[in-house]
Every structure is written in C-alpha cells, then in structure tokens.
1. Could you list, in sequence order, all residues of the range 53-70 that are surrounded by fewer than 17 Cβ atoms within 10 Å (Cβ to Cβ), assigned to a helix (DSSP H, G or I) and free of Cβ contacts under 8 Å to residues at least 40 places away in the same chain?
2. How many of the residues in the range 63-85 are out of contact with any helix residue (DSSP H, G or I) (no Cβ under 8 Å at 6 or more places or on another chain) and farther than 23 Å from residue 118 by Cβ?
3. Is it the case, given these coordinates, that residue 28 is modelled with pLDDT of 95 or more and in a helix (DSSP H, G or I)?
4. Cβ contacts < 8 Å: first residue within 16 Å of residue 40 (Cβ to Cβ) and basic (Lys, Arg), restricted to the range 86-111; second residue at pLDDT 95 or above and in a helix (DSSP H, G or I), any location; separation 6+ or different chain. Result?
5. Return the residue satisfying two criteria in turn: it lies in the range 31-52 and is surrounded by fewer than 22 Cβ atoms within 10 Å (Cβ to Cβ) and either among the hydrophobic types (A, V, I, L, M, F, W, C) or touching a Pro at 6+ places or on another chain (Cβ under 6 Å) (or both), and of such residues it is modelled with the lowest pLDDT.
6. Please find, within the range 86-125, the residue that is farthest from residue 76 (Cα to Cα) out of those that are assigned to a helix (DSSP H, G or I) and among the charged types (D, E, K, R).
Amino acid sequence: MQRLARLIKGAILFTGAAAILPALSLAVADAQEAPKVERTRAEQWAEDTAKIAGAATYCKLDQEEIENYINRAHAKIAANAKDEVDLVIARVHFSNIFSRASSIEPEEGCESFTAYFASADEILK
C-alpha cells in the first residue's frame, strides 16, 4: 500500500498535478486506518485449514491425504457458512491462503509439521 501511494504521488508530481496531492495523501491514510472486519466462522475455518493444507503441500506430504483433508475442510467451511455469499467468500479466502501457504515452509519446519498435520486431520474427521 505504501509503495502504491509513493508511485501515485510520484506520478502526480511528475504530471504537475501537485494540487491534488494532499487529498490523495489523506485518502491513502484513511485506507490504511480502515477498521478490521470481523471474519465469519466459515472464513475463520477457511483460513485455519488453508494454512494447514498449504503447509502440508509445501512439505510434500502424501497427496491423497492432503486432498482428503481439503475435501473435509471444504465440508466444514460449508457447514459453518451462514449463506451462499459467505460460502463463496470463504472458498476464495481458502484458495488465496492455500496458495500462499503452499509456497513457504511452516515455522516449525516440515518434520515437526508432519505430526501436527496428522492431529489436525483427525479434528476434521
């Protein structure tokens, strides 16, 4: 966000439209201080399970076990969704977090995570 603001400020200064710069700075500041939105239960399940599934993918655990975990996670998300919109948002949230989590090693390392994945998998059964 700060990089975007700097790029916009630079473009405005370059084009000579510096008169609107203060208004833009206020808009960027307001956007950074926006209140946090409460997550629904479905979104929270999506976030938690996507991190685990992503880490399992990164650690190259058994693909079939990961797919089974993801299927159970999607079922849990659907069961906790308050309506169709919540379900769609939670699924997109899952997908985004899963993609990010698949590309970074878990904090505790793959060896320790393997045992954690087995217990997390049991929770969804």
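1. Selection gives 63, 64, 67.
2. 3
3. So residue 28 fails the test.
4. As it stands, the answer is 91/46; 91/74; 91/77, since those pairs meet every condition given.
5. Once the filter is applied, the top-ranked residue is 31.
6. Checking each candidate, the answer is 111.
The values are calculated or read from the model by the stated rules, or taken from the named source; none is laboratory data. In this text the structure is predicted, and so the values were computed from the model without any measurement. Please note: Cβ atoms are built from the backbone with ideal geometry, for glycine as well, and neighbour counts cover all protein chains shown.
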